[in-house]
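K.L.:
Structure below; questions to follow.
The values are calculated or read from the model by the stated rules, or taken from the named source; none is laboratory data. This one's a predicted model, so the numbers in the text were calculated from it and none came from an experiment. Glycine gets a Cβ as well: all are built from the backbone with ideal geometry, and neighbour counts include every protein chain shown. Please note that ligands, DNA and RNA were not included when accessible areas were found on the heavy atoms of the full protein model with its side chains. Shrake-Rupley method; radii C 1.70, N 1.55, O 1.52, S 1.80 Å.
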Amino acid sequence: MHDDGRYDDPRLTGSGGRAPDGSVSRETSYQEWAVNDPRDASPHHPVDPVHRPDASATGAVRPVSSAPANVPPAREPHDPSDGPVNAPSPRPASARANAAIPARYEPQPPVSAVPHQPATAAAPADTPPVAGYEDEAAANTYVSRETPTREEDDPPLAMEAMRAVQILNPSGEVNMPRPDRTRVMCVANQKGGVGKTTTTVNLAVALALHGNRVLVVDLDPQGNASTGLNVPHHTGVPDVYDCLIDSVPLEEVAQAVEGIPNLWCVPATIDLAGAEIELVSVVARESRLSRAIEAYPGHFDYVFIDCPPSLGLLTVNALVAAQEVLIPIQCEYYALEGLNQLINNINLVRQHLNPKLDVSTILLTMYDRRTRLADAVEQDVRNHFGDKVLQAVIPRNVRVSEAPSYGQSVMTYDPGSRGATSYFEAAQEIAERGVKEPVSRNA
């Protein structure tokens, strides 16, 4: 035997399965290699009719034989006169030549791979096709837990971008209602670290971005509100101390906030720390700030006063000058414990100095949804104050804490964050409440 691509077998006779030179090709098909091609049908090599395309089915191949799925086709008993068992079966030369052309054949799945299944029910006519699936029946029945349905909202990044555009309001349109008269709001809480300055800055920016004229008065000697609005407040800069002690007009002290239209700020320097001692001997010391705001020649829609974390003369000046009190409450027990003392002082100011003062707004800040304590504090505050508590709740968000380090509010630092969205909703709710309940005094 020589290896030239063919095997010589002297036991085969005739021309079937043998080349003209008497050799047998390696590509000769055996009986087990049948590919169900009708051209290979012969009396000695029948076609196994296990699978045939059924035109009535929707693209599926159905078995038409009643034989079990995993049973191989039956083999005829071996005849000794046909030669050895492993000898190749005689095939016509034309069929042997076409066996090496794969493009002429349509491969069929094995018998065990396609069990008998009923035809898939047709999908409704109004169901749109799924991209990437040519078979409409498979597209309509395919369901994945990780694939969003067609009815779901846009992706998170798209939603965040939409919120950012809504908050920044690049068109400059007046999207929040403007009150008929100036609303002077005092942001007060004698406990520190509850979010008074953060609330003042972000609410003021949110209202100013949507068409309202806003003035922020920084009455805290630390000057954090001035830092958050990127307003200079170092020593030597005219500040609110000059207005309280030296009776300097407020318009000479107010500074326009860079990058935010319709927003002004009266800064506070470290000199304000000694104002409480100097105000002791001043006539009408409790109403110095109120007269300064009333004497301002311009018109503002909102005036926010950021109070220090105490109940001294600076806070009393803010309560006398304001018409409404906004109390930020941290969702913890200590913030809730000191609330009674603040309410008592507000009632004293209302009885003796400012009868029009009212606690109009309660804002829950630093809400942590993972703790039961936050839920308990929220329920207690809502049960006690009722409708005065805003529906918007400010969550714990790192973007809110990062923004002051860049001299910005969270509204401009990351307008798509959860913190910016929450403060925007709170500002919108405050603006809507002001229209329903018009303020009774004009500053």
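K.L.:
If you average the C-alpha positions of the stretch 387-427 and of the stretch 296-329 separately, how far apart do those two centres end up, in angstrom?
P.N.:
21 Å
K.L.:
Find the accessible area per residue for the stretch 283-418; the probe is 1.4 Å, ligands and nucleic acids are left out, and the unit is Å². Let's see the in-between values first.
P.N.:
Working: 6270 Å² over 136 residues.
Dividing the accessible area of the stretch 283-418 by its residue count gives 46 Å².
K.L.:
Principal axis lengths of the stretch 247-319 from Cα atoms, whole Å, largest first?
P.N.:
For the stretch 247-319, the Cα extents along the three principal axes come out at 38, 23, 19 Å.
K.L.:
Let me ask another. State whether the stretch 363-443 is rounded, prolate or oblate according to the following rule on the C-alpha gyration tensor (a ≥ b ≥ c being the square roots of its eigenvalues): a/c under 1.5 gives rounded; otherwise a/b larger than b/c gives prolate, and the remaining case gives oblate.
P.N.:
Details: a/c = 2.58, a/b = 1.12, b/c = 2.29.
Oblate shape, in that a/c is at least 1.5 and b/c is the bigger or equal ratio.
K.L.:
Kindly list the residues of the stretch 316-348 that lie in the label zone of ALA295, defined by a backbone N under 20 Å from the point 7 Å along the Cα-to-C-beta vector.
P.N.:
The answer is 316-323.
K.L.:
Same structure again: Check VAL325: other-chain or 5+ apart residues with amide H under 5 Å from its amide H, H built from backbone geometry?
P.N.:
The list, which skips near neighbours in sequence, is CYS186, ASP358, VAL359, SER360, THR361.
K.L.:
Rounded if a/c is under 1.5, else prolate if a/b is larger than b/c, else oblate: which is the stretch 336-410, with a ≥ b ≥ c the root eigenvalues of its Cα gyration tensor?
P.N.:
Oblate is the answer for the stretch 336-410, as a/c is 1.5 or above yet b/c matches or exceeds a/b.
K.L.:
Right, another one. Compute the normalised compactness of the stretch 284-359: alpha-carbon radius of gyration over 2.2 N^0.38 Å, N being the residue count. Display every interim value, and only then the final one.
P.N.:
Working: Rg = 13.2 Å, N = 76, 2.2 N^0.38 = 11.4 Å.
Relative to the 2.2 N^0.38 Å estimate, the stretch 284-359 comes out at 1.16.
K.L.:
Within the stretch 285-304, what residues put their amide N at less than 15 Å from the label point 7 Å along the Cα-to-Cβ vector of GLU251?
P.N.:
Residues 292-300 fall inside that zone.
K.L.:
Could you state the principal axis extents of the C-alpha atoms in the stretch 152-284, from the largest down, to the nearest angstrom?
P.N.:
That gives 65, 31, 27 Å along the principal axes, largest extent first.
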